[in-house]
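Reviewing the structure listed below.
The values are calculated or read from the model by the stated rules, or taken from the named source; none is laboratory data. Bear in mind the structure is a predicted one, so any value in this text is a computation, not a measurement. Note that each Cβ is placed from the backbone with ideal geometry, even for glycine, and that neighbours are counted across all protein chains shown.
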Amino acid sequence: MNIEFIEALDQIEKEKGISKDILFDALEAALISAYKKNYGSAQNVSIEIASETGEVKVFAKKEVTDEVKDPLLQIDIIDAKVYNPVAKIGDVISIEVTPKKFGRIAAQTAKQVVMQRIREAERNIIYEEFSGRETDIVNGIVQRFDKKNVIIDLGKIEVILPPNEQIATELYTQGNRIKVYILEVKKTTKGPQITVSRSHPGLVKRLFELEVPEVYDGVVEIKGIAREAGSRTKIAVHSNDENVDPVGACVGPKGARVQAVVEELMGEKIDIIKWDKDIEKYILNALSPAQVLKVEIEENNKIARVIVNEDQLSLAIGKEGQNARLAAKLTGWKIDIKSKDDLEKQGIRGDNDESEKDTFEDVSGMQDNET
């Protein structure tokens, strides 16, 4: 090694943020290993690197004794005084044993160590950058495919979109730009491993934060999300400002805000409903766009029995039960939906029960029609 090498280390320290002391420590350990590999592993040696010139010296450490049993680790007291006139029994002295050709080995080893440390430092920098960004949303480009995994390039690193986090109806084409949700950041021996998702409900939340300033600022709060990725999502929103309509803010002028989210999700349908601390009203809203006549609550078992008109039954339940299923997931309640006609046929109430009719009419009037 030479002074140019030391200057290169100074440059690496500035550009990569790797301390030169750390590099020297790593170099010394690597050079000891290289020396033992080429000149014998039984010796106890140390390495000294001149920080100004880059000159490398190897020293054998030997214990001073009056009877040498292992010449690689011990030295006679008389011989020891040649190197250190004040040496005494039990001391450990250093004797330079630098081989003539060790400079070439040192240069090769130094290059390998520095490159390794640069890679490690860059990996650590990337890990530190992304370790605090779990649940965040990032832009990437579909790079390639590894078995069933989609590999997405974020610029500094490639991330993994595994099969269970993909959307079955989406087509991932090489070169396409895509937004993904960071699920997990792990440190591995090969560097940081980042797993992302397109199907996680958190992606929908982050997209609304990007499109709706009121959500980003916290004026409008997303209270819950129920998602069947690629098909339909329901989100419950609440305004912390009585002058701001939470549903209207998320829909945006002429539906522009919600449409931007729908387009990013490749046409996934989104129902935006108003959250309510009154569970009856919340369930009623959650079943939107169906119009509900009545909601009966069984508090202990968290069961809601919902009554609708016959022409609203299929809408309330949804295709293959999707609307009712998403409403149940959103509210956390089991929802049992019946039509008013079916209940009348079963004799649960008479046609002349005017008070019951009034109840149906009053509750249906609470439905939020804005979604």
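Just give me the residues in the range 267-313 being assigned to a helix (DSSP H, G or I) and buried (at least 20 other Cβ atoms within 10 Å of the Cβ), in sequence order.
Hits for the range 267-313 are 282, 283, 284, 285, 286, 312.
Considering only residues that are outside any strand (DSSP E or B), at pLDDT 50 or above and either among the polar types (S, T, N, Q) or assigned by TED's automatic domain parsing to the domain that holds residue 238 (or both), which ones fall in the range 314-366?
314, 322, 323, 331, 346
Is it the case, given these coordinates, that residue 111 is surrounded by fewer than 12 Cβ atoms within 10 Å (Cβ to Cβ) and among the charged types (D, E, K, R)?
So residue 111 fails the test.
Starting from the range 204-217, keep only residues that are under 20 Å from residue 230 (Cα atoms), then list their pairs with residues that are surrounded by fewer than 22 Cβ atoms within 10 Å (Cβ to Cβ) and of a type in the set (Phe, Trp, Tyr) whose Cβ atoms are within a distance under 7 Å, requiring at least 6 positions of separation or different chains.
From residues that are under 20 Å from residue 230 (Cα atoms), the pairs are 209/216.
What about residue 87, is it in contact with a helix residue (DSSP H, G or I) (Cβ under 6 Å, 6 or more places away or on another chain) and more than 16 Å from residue 36 (Cα to Cα)?
Taking the combined requirement at face value, the residue satisfies it.
Among the residues of the range 182-222, what is the count of those that are under 13 Å from the mean Cα position of the chain (by Cα) and assigned to a helix (DSSP H, G or I)?
2
Restricting the range 49-95 to residues that are among the hydroxyl-bearing types (Ser, Thr, Tyr) and within 30 Å of residue 8 (Cβ to Cβ), which is farthest from the chain's Cα centre (by Cα)?
Among residues in the range 49-95 that are among the hydroxyl-bearing types (Ser, Thr, Tyr) and within 30 Å of residue 8 (Cβ to Cβ), the one farthest from the chain's Cα centre (by Cα) is 94.
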